[in-house]
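Below is one structure, written out as structure tokens, with a few remarks after it.
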Amino acid sequence: MAAIALLPAPAAAQPMQGYAASATRLYAGPLRDFPVLRRMRRGSMITVYGCLRDWTWCDVTSGTDRGWIAADALRVNHKGRRRAVANGMGVTLSRFLFGTYWDGHYSSRQFYRQRQHWQLLSDRAYRPEWGEREKQEEAWGDTRAMEEQHRLSRERGERTGGPIVPQYIGKPYRFPDHGNASGPSDRQVSGPENTTKSPQSASPAQDPD
């Protein structure tokens, strides 16, 4: 039996060391409209995980914050020199999936409470360079985030307008009993038990002889 050679799996791309080329900000997404996570001084050390395929934004960590920095404000070590990120320098290509990224990094942050607002902003600003669009159930993390928003809204006594608004559960409504009221009732109940004739259908009384 012929021996089968086992080839080693390709090694995963390793993060790269980078630096802030100028004073800049770290955002919670590849847009300056996203929340600001921190401000960075020139020369601040940055761990680079990858960049969008058009090399405009990069996924990085600064301190304890994971987020996105404009690529023109980033430099990486390449062949002994600090250079602007570009193709062929060993930087991984990344994509931005709002739901996956936010649920994985920002669920404990204050601005995560407005997740739906930022989701809508991300949907409107979507660019093909971010990667393939998320499915709706993936973007909402199996709707757990939406349910949490509705729960918080209900606690504040607000109207959510969403699908999780609690419905009224109680006894069925009963019409008032007008059986003793003077005059005929406008509401006739159909059914085998309704054998009472209306006053209009009753035969006229005859005078005694």
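The values are calculated or read from the model by the stated rules, or taken from the named source; none is laboratory data. Everything numeric in this text was worked out from a predicted model, so none of it was measured. FYI the Cβ positions are ideal-geometry reconstructions off the backbone, even for glycines, and counts take in every protein chain you see. Areas reflect the complete protein model, heavy atoms only, side chains present, ligands, DNA and RNA absent. Shrake-Rupley method; radii C 1.70, N 1.55, O 1.52, S 1.80 Å.
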* To do: Could you grab me the full set of residues in the stretch 47-89 that are β-branched (Val, Ile, Thr) and within 26 Å of Tyr126 (Cα to Cα)?
  => Thr47, Val48, Thr56, Val60, Thr61, Ile69, Val85
* Structure fact -> Log entry, pairs with first residue in the stretch 44-60 being among the charged types (D, E, K, R), second being open to solvent by 50 Å² or more (accessible area, probe 1.4 Å) and in a strand (DSSP E or B), beta carbons closer than 9 Å, six or more apart or on different chains, reads Arg53/Leu93; Asp59/Tyr49; Asp59/Arg66
* Structure fact -> When every residue in the stretch 97-111 that is among the hydrophobic types (A, V, I, L, M, F, W, C) and within 15 Å of Leu26 (Cα to Cα) is compared, the one surrounded by the fewest Cβ atoms within 10 Å (Cβ to Cβ) is Phe111
* Asked: Which one of these does Arg75 not meet: (1) surrounded by 19 or more Cβ atoms within 10 Å (Cβ to Cβ); (2) assigned to a helix (DSSP H, G or I)?
  -> (2)
* Asked: Among (1) assigned to a strand (DSSP E or B); (2) in contact (Cβ under 8 Å) with a residue 60 or more places away in the chain, where does Phe96 come up short?
  -> (1)
* Filter pass, Asp54 being open to solvent by 30 Å² or more (accessible area, probe 1.4 Å) and within 23 Å of the chain's Cα centre (by Cα) -> no
* Asked: Trp68: in contact with a strand residue (DSSP E or B) (Cβ under 9 Å, 6 or more places away or on another chain) and modelled with pLDDT of 95 or more, yes or no?
  -> yes
